[in-house]
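Undergrad: Handing you a structure now.
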Amino acid sequence: MIRTRFLVLGALVAGLLALVLQSAATAVAVPTPSSSAPALVLRVVAPSSSQVSLLSSRYDLLEARTGGDYFVLGDQRTLKALRAQGFRARTERTLAPLPKATAGTKSALRADGTLAAAAYGTFYGGYHTVDAQLQHLRDVAAANPTLTTLVDYGDSWRKTQGQSGYDLLAICITKLAAGDCARSTSAPKPRSVVVSAIHARELATAEISWNWIDYLTAGYGTDATVTNLLNTTEIWVIPVLNPDGRKIVESGGSSPYYQRKNANNTRGSCSNPPTASNQYGIDLNRNATFHWGGVGSSSSACSQTYRGVSAASEPETQAAQGLFNSLFADRRGTAITDAAPATTTGTFMTYHSYAGLVLYPWGDNNSLAPNGTKLRALALKLAAFNGYTAGQGGNVLYQTTGTTDDDLYGRLGVAAFTTELGAAGTSCDGFMPPYSCVASRFWPQERQSLITLAQAAAGPYK
C-alpha cells in the first residue's frame, strides 16, 4: 500500500512564488562555465530567502553554509552572473586539479577466501573506483557466504540504454538464517539500510560504506557488539547508488569532473564534458517520489538540481525505491500528519558531503514530522559521535524536495536520515578531500554512529 502524501501547500506555494518573482526580477542568464576554467567555491553573503530559492534552482548550491552565507560551485563567469543578479558574491577558494586514477580493478579474492585490498583500482590518492566498489561487494559476498547476500536490484541509466553501464548492487549482511535477506516486508529481523554516492562527486561517502562492510564482516565472531548486531539485525549497504555518474567523475583523469547527477543525456543541451555547474543528467536526490517537484529543485535540465521530467523518472530511482518498498512495509497513513506507529522497525541513512550535518525529515518545510520528536532524538545521538549539527534541512541548510530520506519516511514511515560529511576550515572539507581524511577523520567519526543507527532498527520510535 504505497501512497504519495499530500504536499504542504502553503510552504510550497510561498517558496515557488518567491522563486518566480525573483526570477522575473533578475533576468540575467546564467552562463555555461568553461570546462577548462578552474572550479571556484563562491561565497554568497547573506542572501534573502527568495534569493536562496533562486540559488538552489539556477546554481550549484553546495551542501555547506556558514551562518547566513551560502556557497556556490562555479567559475569566474558564474561569479560575474551572480553579481549581475544582485548577489553579494566573492571567491572563497580555488579548487586545485586532482591526481590521475591508478590501476584498474580485478578480483581481490585469494584462493584461501581472504581479500587482498591492494588489488582494487583507486584514484585521487586512494579513493576506490566504481568498478572497485562493485567488485568489492562481489568479493565480500564470496568470502562470507554465511554472513552476506549480494543483491542485483536494477540497472543504471547507461545500462538500460545498451551503453556501458552497471548493475545496481546492494549487499545484505547478517548471520544468515531462514528468511534473512529476502526481498520481503515480513522479514524476521529489523533492517538498517545505508546508501552512499547518490551524488557522484562526493567521494568520501562511498568509502564510509566500504569501511562499514569490512568492519561488520571482519568483526563477526570476534567483536561482541558486531556479533550481537548481526545475530539480530540485517544491515543493507549500497556503496554507489549512482555508478554512471561516479564513472564520469573518474573520467576527468588528473582533474576529475564535478559530476553530481546520473548520466542521462537526453534532456537539454548541456556542457560536455561536464563543468562544475553545467552538466547532463538528473539529480537522483531530487527525483524521489515523495513531494517531488517543489522547493530546492530545478526544472532546468543543465542545473545541478534538475529533478527530471517526473517523479522517479530515472532507472536508478525506480530501482532503489523498488528495493526499499520490498524491504519495509508501509507504516504511515495517507495524511501528512499521520505518524508511523511505535511498533515500526527499520532505519535508513544516506551519506552526502560536505556540510557537517545530520538531517531528519521534513526537508521541504520547517514543521516537525509526525514522528519528529523521536527522529530528532535519534539524530542527536548520531551527531554526538561525529560532532555534527543535527536538524531539519530548512533550519540548518536549505529546503529540498524529492530527496531520498524524506521519501523513505514520507511514503513508508521509516526512520530516515542524511549525514553530510564535513570538516569546515580543514583540509578534509569539500567534495574531494585527501583520501587520508577517510581514515583520520570520517570513518572513526561514523563507525559508532552507524552502530547506533543499526541498533535502533528494532524500534526507532519507542
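Undergrad: Which of the aspartates and glutamates could be linked to K261 by a straight reach, that is with a Cα gap under 15 Å, when you skip same-chain ones fewer than 8 residues away?
TA: D60, E63, E202, D244, E250, D283, E314, E316
Undergrad: Continuing with this model, one more query. Between A224 and A177, what length comes free when the chain is fully extended (0.36 nm per residue of separation minus the Cα-Cα distance, one decimal in nm)?
TA: Working it through step by step, the gained length comes to 15.0 nm.
Undergrad: Still on this structure, please answer the following. Between A46 and S184, what length in nm is gained on full extension when 0.36 nm per residue of separation is reduced by their alpha carbon distance?
TA: In short, 44.9 nm is gained.
Undergrad: May I pose another question? Quote the accessible area belonging to S269 in square angstrom, nearest 10, computed with a 1.4 Å probe and with ligands, DNA and RNA left uncounted.
TA: Rounded to the nearest 10, that gives 110 Å².
Undergrad: For the chain, what does the helix formula give at 222 nm: sum of -39500 (n - 2.57) over DSSP H segments with n ≥ 4, over the residue count, nearest 500 deg cm²/dmol?
TA: -9000 deg cm²/dmol
Undergrad: Show the residues, 5+ positions off or on another chain, whose built amide H is closer than 5 Å to the amide H of T289.
TA: Amide H to amide H, under 5 Å and 5 or more residues apart or across chains, T289 pairs with A312.
Undergrad: Let me ask another. Answer with one residue from T401, N366, A187: the one whose Cα lies farthest towards the positive end of the charge dipole of the chain, charges on Cβ with Lys, Arg +1 and Asp, Glu -1.
TA: N366
Undergrad: Can you list residues whose amide H is under 5 Å from W236's amide H, if they're 5+ apart or on another chain and H is modeled 1.01 Å from N?
TA: I173, S192, V193, V194
Undergrad: Quick one: P(r) of region 200-353 from all Cα-Cα pairs, 10 Å bins, percents rounded to integers, in order of increasing distance.
TA: 10, 30, 31, 20, 8, 0
Undergrad: Still on this model: Could you go through region 304-311 in sequence order and give the Karplus-derived ³J(HN,Hα) for each residue, using 6.51 cos²θ - 1.76 cosθ + 1.60 with θ = phi - 60°, rounded to whole Hz, and x for Gly and Pro?
TA: Computed from phi, the couplings for region 304-311 are 5, 10, 4, 8, x, 7, 7, 4 Hz.
Undergrad: Could you check how much of the accessible area of the chain is carbon and sulfur, as a whole percent, using a 1.4 Å probe?
TA: About 53 percent, which is the carbon plus sulfur part of the accessible surface.
Undergrad: Would you mind checking the radius of gyration and Dmax of the chain based on alpha-carbon positions, in Å?
TA: In order Rg, Dmax, the Cα atoms of the chain give 20.9, 67 Å.
Undergrad: While we're looking at this one, here's another question. Could you compute the FRET efficiency for S440 and N272, with r as their C-beta to C-beta distance and R0 at 30 Å, rounded to 0.05?
TA: 0.25
Undergrad: Ignoring ligands and nucleic acids, what accessible area does Y435 show with a 1.4 Å probe (Å², nearest 10)?
TA: Approximately 70 Å² for this residue.
Undergrad: Additional query: Leaving out ligands and nucleic acids, note down the accessible area per residue over the chain with a 1.4 angstrom probe, in whole Å².
TA: Accessible surface, normalised per residue, equals 35 Å².
Undergrad: Relative to the present Cα-Cα distance, how much length would full extension add between T373 and A424 at 0.36 nm per residue of separation?
TA: That pair, T373 and A424, stretches by 15.5 nm at full extension.
The values are calculated or read from the model by the stated rules, or taken from the named source; none is laboratory data. Worth saying up front: this structure is predicted, and the values here are computed from it rather than measured. Heads up, the Cβs are rebuilt from the backbone with ideal geometry, glycines too, and the neighbour counts pull from every protein chain shown. Note: areas computed on protein heavy atoms with side chains; ligands, DNA, RNA excluded. Shrake-Rupley method; radii C 1.70, N 1.55, O 1.52, S 1.80 Å.
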